[in-house]
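Undergrad: This structure is in structure tokens; I'll ask about it shortly.
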Amino acid sequence: MADQLATEIIATIKNRVESESGEGKSVSIIGEITTATELTSLGVDSLGPVEQAYGIKIDMNSADAWSNLKNVGDMVEAVRVLLAKEV
């Protein structure tokens, strides 16, 4: 079961996938988005919407940084760490 942060991030990703797809791709075609969903399967190549939602910046300027974010759960944990640093 996803916690509140995971639920919010999944909703943000879902909205982006549905609104930015030029091919009419919808979440119903992709399937349910969970913390185990691979980012590549969603076509996520930017974390902008999640960063904007939480007022944070995730440094993604290197291939190594992207290699650490394989699925939605990895993104949730990266956001959680950054939010904890701000407290």
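Undergrad: Given H placed 1.01 Å from N in the peptide plane, which residues other than close sequence neighbours of V44 have an amide H under 5 Å from its amide H?
TA: none
Undergrad: Could you sort the peptides 38-49, 5-16 by per-residue average Cβ neighbour count (10 Å cutoff), highest mean leading? Don't skip to the end; give the middle numbers.
TA: Values: 38-49: 14.3, 5-16: 16.9.
Ranked from most to least packed, the peptides come out as 5-16, 38-49.
Undergrad: Long-range amide H contacts for N71: which residues qualify at under 5 Å (H placed 1.01 Å from N, peptide plane, sequence gap of 5 or more or a different chain)?
TA: It is L39, by chain and number.
Undergrad: Here's a follow-up. If the chain between E18 and I56 were fully stretched, how many nm would it gain, using 0.36 nm times the residue separation less the Cα-Cα distance? Walk me through the numbers on the way to the answer.
TA: On the way: separation 38, 0.36 × 38 = 13.68 nm, distance 2.30 nm.
11.4 nm is the gain from fully extending E18 to I56.
Rule-based calculations on the coordinates, nothing more; no lab input. As the structure is a computational prediction, the values presented were derived from the model and not from experiment. Quick reminder, even Gly has a Cβ in these numbers, built from the backbone with ideal geometry, and neighbours come from all protein chains shown.
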